Amino acid sequence: MAFTRTSNLETLILAALETSELYGLSIIERIKETTGQSLALGGLYTTLHRMEQKGFVASRWGESTEVRQGARRRYYQITALGQQTLTETRQMLVKGLNLVPGLASGEALT
Amino acid sequence: MRYEEEHRLREKWFLDQRNQAGFPTNHSCRHSDLFYQPFSTPPLFIGSPPPFIPPPGSYWTSQMRDTSRMSSILMSGTMSMGSTTPLPDSERDGLRNDRFQFLLYCIPKSISEPWLGDICEMRETMRLEGYSQRAIIWATISQFCLLLIHWGIYRALDVLMPFKKTKGE
């Protein structure tokens, strides 16, 4: 089976976008809530740009608020390819965890 | 004798101006008059001088010394602004945004515009949470540097590895 490699950050972003469409700051907040990891905005947007080129995510321009001073939000959502890649990554992680002694199965992690 | 009389009148004029303007230092005078017109002599008044109202935005010296020699006045010390109107936060942020937009010209708009908006939101959140202005500026600069570094690495990898393996190939 051909497997598309994704970085840890890409996997985290795909997981965050799995349930709903989000923009930059909300992606960071969701990842922080779930994993406790803080991401830099610069790194996030560069990664999202790369993921969009790979076809993992799709984006659209959103609204602009007064606080943002004219800059529009950009909303990202996971594509079918991104969803498939995330599923494959998840399965691979579970299989990999099964190899670790002491961990009976990775079902609790799915 | 004539110089002594002139000096006495000049000193009185300065003291009167200081008292009317309500400055705490002993020798305060209007800096713009003395610094930009060094050869003009202060007017001599008979009786009480007219009331002196400083214009907004005037500069004032904290120390001044009359040498009583060649009618010259030496001024030293720090200058303080008389009355200024600071820019509101929104305008200052706007100016900074313009600078950022200039600095972000090499980055595509699909990255720079949402990044800039998110930075504005982040700064506002930090301000509401009570972070100091210095911390907010530092966070902004850090985020800006991280964006440039990430974008630089991304472009470098693009140049070094032009052929990418995609799914199905």
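Helix A:24-35 against the longest principal axis of chain A: what's the angle in degrees, Cα atoms only, rounded to the nearest 10?
Between helix and principal axis, roughly 30 degrees.
Taking the Cβ of B:Pro108 as the center, what net charge do the other residues with Cβ under 13 Å away carry, scoring Lys and Arg +1 and Asp and Glu -1? If you can, show how the numbers build up before the last one.
Values: positive: A:Arg50, A:Arg74, B:Lys109, B:Arg155; negative: A:Glu52, B:Glu113, B:Asp158.
Here the charged neighbours net out to +1.
Tell me, rounded to the nearest percent, the portion of alpha carbon pairs in chain A spaced more than 24 Å apart.
Details: 1825 of 5995 pairs.
In whole percent, the share of Cα-Cα pairs in chain A beyond 24 Å is 30.
If you line up the long axis of helix A:41-54 against the longest principal axis of chain A, both from Cα atoms, how many degrees apart are they, to the nearest 10?
70
Under 16 Å from a point placed 7 Å out from the Cα of A:Val100 along the Cα-to-Cβ direction: which residues of the stretch A:13-53 have their backbone N that close?
A:35
If I model a spin label as a point 7 Å beyond the Cα along the Cα-Cβ vector, how far apart are those points for A:Leu81 and A:Trp61 in nm?
Rounded to a tenth, the inter-label distance reads 2.4 nm.
Relative to the longest principal axis of the C-alpha atoms of chain A, give the angle of the C-alpha long axis of helix A:8-17, reported between 0 and 90° and rounded to the nearest 10°.
It works out to around 70 degrees.
I want to verify a result. In a Gaussian network model of chain A, Cα cutoff 10 Å, which of these has the top mean-square fluctuation: A:Val67, A:Val100, A:Val57?
Its mean-square fluctuation being the largest, the pick is A:Val67.
Every number in this text was worked out from the coordinates using simple rules, so none of it is lab data. Small disclaimer: the values here were computed from a predicted structure and weren't measured. Glycine gets a Cβ as well: all are built from the backbone with ideal geometry, and neighbour counts include every protein chain shown.
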